[in-house]
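The values are calculated or read from the model by the stated rules, or taken from the named source; none is laboratory data. As the structure is a prediction and not an experimental result, all values here were calculated from the model. Please note: Cβ atoms are built from the backbone with ideal geometry, for glycine as well, and neighbour counts cover all protein chains shown.
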Amino acid sequence: MKNKNIFTLALIAMLFIQCQKADKDFLITKDTVGKVSRTTKVSDLETLFKKDSVVLDTNVSKLTSAQEKIRVFEKGGVHLLTLTPNTDSIPTIENIRIFDPRFVSDKGVGLQSTFKDIKDNYTIDKIVTSMNNVVIFLSDSDIYFTIDKEELPESLRYAYAGDIEAVQIPDAAKIKYVMIGWD
């Protein structure tokens, strides 16, 4: 009986460790997005995502060449991320667009969240209006969120000019894009 309890406890511990590791692969923090860090070199992406697929622009032949976009797909075809490198002599990642809803911030906000989740977990720095979207920039974070104007009250959907304030965005408005911009 004692051996059975020890085995069960060991199995539960292994499952817990595995779950923590899996969660870390999809965690967005100040300096990381899953496996990608602020200092990750573009040339290291194929090694970093060796179990996944790294897809380059069709006009670029290797990761050391100038890139416009680098797409990362999980084996099986799920689009995880699109990465945009900077133009430094040793390029690192400048912008990341999240495609997989498993990616969530350290505060639990991701593609399946709402504007209320953003408000409850972050301080909003500014809201920028574009033709079809509103972009929410945060204080003290490199994450920014896009909400489709279709999620707004009808009186605000077609207003191109003019500011939209946080109080005008419904709590239930769904997030369209989650992006990270590292300087």
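Miscellaneous remarks
- From Asp120, Asp100, Asp148, residue being of a type in the set (D, E, K, R) and in contact with a Leu (Cβ under 6 Å, 6 or more places away or on another chain): Asp100
- Checking Leu45, Leu9 one by one, the residue that is at pLDDT below 90, in a helix (DSSP H, G or I) and either assigned by TED's automatic domain parsing to the domain that holds Ile90 or aliphatic (A, V, I, L, M) (or both) is Leu9 and no other.
- All positions within the stretch 76-95 that are of a type outside the set (D, E, K, R) and closer than 15 Å to Ser43 by Cβ: Leu83, Pro85, Asn86, Thr87, Ser89, Ile90, Pro91, Thr92, Ile93
- The listed residues are Gly77, Gly108, and the only one of them that is within 18 Å of Asp23 (Cα to Cα) and surrounded by fewer than 16 Cβ atoms within 10 Å (Cβ to Cβ) turns out to be Gly108.
- Criterion: touching a residue at least 40 places away in the same chain (Cβ under 8 Å) and not polar (S, T, N, Q) - qualifying residue of Leu138, Leu156, Leu152, Leu111: Leu111
- Per-region count, the stretch 142-173, residues surrounded by fewer than 16 Cβ atoms within 10 Å (Cβ to Cβ) and within 19 Å of the chain's Cα centre (by Cα): 1
- For the stretch 68-87, residues that are within 14 Å of Phe99 (Cβ to Cβ) and either in contact with a helix residue (DSSP H, G or I) (Cβ under 6 Å, 6 or more places away or on another chain) or in contact (Cβ under 8 Å) with a residue 12 or more places away in the chain (or both) total 13.
- Residue in the stretch 90-99 that is surrounded by fewer than 15 Cβ atoms within 10 Å (Cβ to Cβ) and closer than 13 Å to Thr39 by Cα present: yes
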